[in-house]
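Student: This is the structure I have questions about; it appears just below.
The values are calculated or read from the model by the stated rules, or taken from the named source; none is laboratory data. Just so you know, these numbers come straight off a predicted model, no measurement behind them. Note: ideal-geometry Cβ built from the backbone for every residue, glycine included; neighbour counts use all protein chains shown. Protein only, heavy atoms only, side chains kept; ligands, DNA and RNA dropped before computing areas. Shrake-Rupley method; radii C 1.70, N 1.55, O 1.52, S 1.80 Å.
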Amino acid sequence: MTVHEFGNLDKARLEEREDPRPGEGEVLVEVRAAPVNYVDLVTFRGEYQFKPVLPYVPGKGPSGVVREVGPGVAGLAPGDRVLAMAEYGGYAELTAVDHRQVYRLPDALAFVDAAAMSLGFDTAWMALRDRARIRPGETVLVLGATGAVGLAAVQLARAMGAGLVLAGVSRPERFAPAAAAGADAMIDLSRPDLRESVRTQVLAATDGVGVDIVIDPLGGDPFDGAVRSLAWRGRLVVIGFAAGRIPVLKANYPLLKNIEVSGLQISDYRKRMPELVAECYREVFTFHEQGLVAAPLSTTVPLADWKVAFRAVQAGGATSRQVLLPT
Ligand SMILES: NC(=O)c1ccc[n+]([C@@H]2O[C@H](COP(=O)([O-])OP(=O)(O)OC[C@H]3O[C@@H](n4cnc5c(N)ncnc54)[C@H](OP(=O)(O)O)[C@@H]3O)[C@@H](O)[C@H]2O)c1
């Protein structure tokens, strides 16, 4: 699938191409499954902070089988089942990926499940482990808890030994998946005046103390309320702005409350700290083997019908991850 121009979904088409060859340090992967993420839509429109060079083949986080390894690659061999955290290139039968971003899959993890877990789980893991430095027993509020990042964050917080886990959901009737993922209680984001009402709900759920950690893929009004819900020395991690507004924070607020607000951009971690991302996937896969985390529900769509999957993500409110199958 190739995008020739940024814009709407009509700007991409399927094409026949020469098979890619793995260059120095690269691994050639036969793609078996590749997820459609919200960020793929944003990139497609040319609105993402990093714009790919046109024409480009979209598709982050494909899973598949190693067909060939390039010069200088150790530790991976043809036939290995892998997750390849490429920035682009996953919506294809074959893709060449930097070996430092290729992780061997446990036998029990299906290709579709690995692809469905990819971006949500590495983002949520990095937010909890590296940015928020989670400690056992700490309380966590996950905003957007029905989304890919949010559901992963709820499960990982629980697996990492969090105390109370609160799930911020915009539609209370959709709390069930977050509860099944391990959330103890809901913070209702459909209420008016979220700046006040998020804080009131969080304080009520934490005996007036507030939460140690907030994972925030939403921004907007939920951020305004969540930052005011932090306990002393609490940490909020900014992940995205799915609520549609980039919030503004006065610097005196973190000072007065002894809190931290940090940001996460997972792509940079893959480039600058590949060892930490490898450690992330080792732990995520171990949690999966131990039954502590599960892959999200997914709907599989043949690559030829990619528009169906993209439209489902565009429409929002989906209850399963869209995963494209190239063959
Ligand atoms: N910084 C990074 O490295 C990084 C990595 C991955 C993702 N992200 C960003 O994180 C955000 C979430 O990604 P995702 O993959 O989890 O997306 P997703 O699966 O589409 O989930 C989006 C979540 O946002 C909620 N939501 C959307 N609009 C809302 C609103 N107006 N008010 C309250 N909740 C709202 C949705 O809830 P409902 O469906 O119930 O409305 C859902 O829980 C995106 O902005 C994405 O670009 C950033």
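Student: Between residue 257 and residue 54, take the C-beta separation as r, use R0 = 45 Å, and let me know the FRET efficiency to the nearest 0.05.
Tutor: Values: r = 45 Å, r/R0 = 1.00.
The value I calculate is 0.50.
Student: Another question, if that's okay. What is the pair-distance distribution P(r) of the chain, computed from all Cα-Cα distances in 20 Å bins starting at 0, with each bin given as a whole percent?
Tutor: 33, 56, 11, 0
Student: GNM, the chain, Cα, under 10 Å: largest mean-square fluctuation among 314, 49, 265?
Tutor: With Cα springs under 10 Å in the chain, the top fluctuation among 314, 49, 265 is at 49.
Student: Moving to a separate point now. To test your reading of the geometry: what angle, between 0 and 90 degrees and rounded to tens, separates the Cα axis of helix 306-315 from the longest principal axis of the chain?
Tutor: With rounding to tens, the tilt is 10 degrees.
Student: So which trypsin sites (Lys or Arg not before Pro) in the stretch 83-152 are both in a DSSP loop and have at most 13 other Cβ atoms within 10 Å of their Cβ?
Tutor: For trypsin sites (Lys or Arg not before Pro) across the stretch 83-152 that sit outside H, G, I, E and B with at most 13 neighbouring Cβ atoms in 10 Å, the list reads 133.
Student: Give me the percent of accessible area attributable to carbon and sulfur for the chain, probe 1.4 angstrom.
Tutor: The value for the chain is 52 percent carbon and sulfur by accessible area.
Student: Now for a different question. Work out Dmax and Rg for the stretch 90-239 from the C-alpha atoms and quote the Rg first, both in angstrom.
Tutor: Answer for the stretch 90-239, Rg first and Dmax second: 16.3, 54 Å.
Student: Test of understanding: in a Gaussian network model of the chain with alpha carbons linked when under 10 Å, which of 273, 85, 160 would top the mean-square fluctuation ranking?
Tutor: So, out of 273, 85, 160, the one fluctuating most is 273.
Student: Additional query: Share of antiparallel DSSP beta bridges in the chain, in percent to the nearest 5?
Tutor: Antiparallel bridges make up about 50 percent of those DSSP assigns within the chain.
Student: Follow-up question, since we're still on this one. So, in Å, what gap is there between the alpha-carbon centers of the stretch 257-275 and the stretch 187-216?
Tutor: 24 Å
Student: Rolling a 1.4 angstrom probe over the protein heavy atoms, how many square angstrom per residue are accessible across the chain?
Tutor: Ligands and nucleic acids excluded, the result is 43 Å² per residue.
Student: Tell me what the chain gives for mean residue ellipticity at 222 nm when only DSSP H runs of n ≥ 4 count, each as -39,500 (n - 2.57), the sum divided by the residue total, rounded to 500 deg cm²/dmol.
Tutor: Details: 10 runs with 99 residues, N = 327.
For the chain, the value works out to -9000 deg cm²/dmol.
Student: Right, another one. Test of the criteria: in the stretch 6-87, which chymotrypsin sites (Phe, Trp or Tyr not before Pro) are in a DSSP loop and have at most 11 other Cβ atoms within 10 angstrom of their Cβ?
Tutor: On the way: sites: 6, 38, 44, 48, 50, 56; in loops: 6, 48, 50.
Within the stretch 6-87, the qualifying chymotrypsin sites (Phe, Trp or Tyr not before Pro) (loop, at most 11 other Cβ atoms within 10 Å) are 50.
Student: Still on this structure, I have one more. Any idea how many Lys pairs in the chain come in under 22 angstrom at the alpha carbon, given 8 or more places apart or on separate chains?
Tutor: Total qualifying Lys-Lys pairs in the chain comes to 8.
Student: Give the residue list of GluC sites (Glu not before Pro) in the stretch 1-85 that are DSSP loop and have at most 15 other beta-carbon atoms within 10 angstrom.
Tutor: On the way: sites: 5, 15, 16, 18, 24, 26, 30, 47, 68; in loops: 5, 15, 16, 18, 24, 47.
For GluC sites (Glu not before Pro) across the stretch 1-85 that sit outside H, G, I, E and B with at most 15 neighbouring Cβ atoms in 10 Å, the list reads 5, 15, 16, 18, 24, 47.
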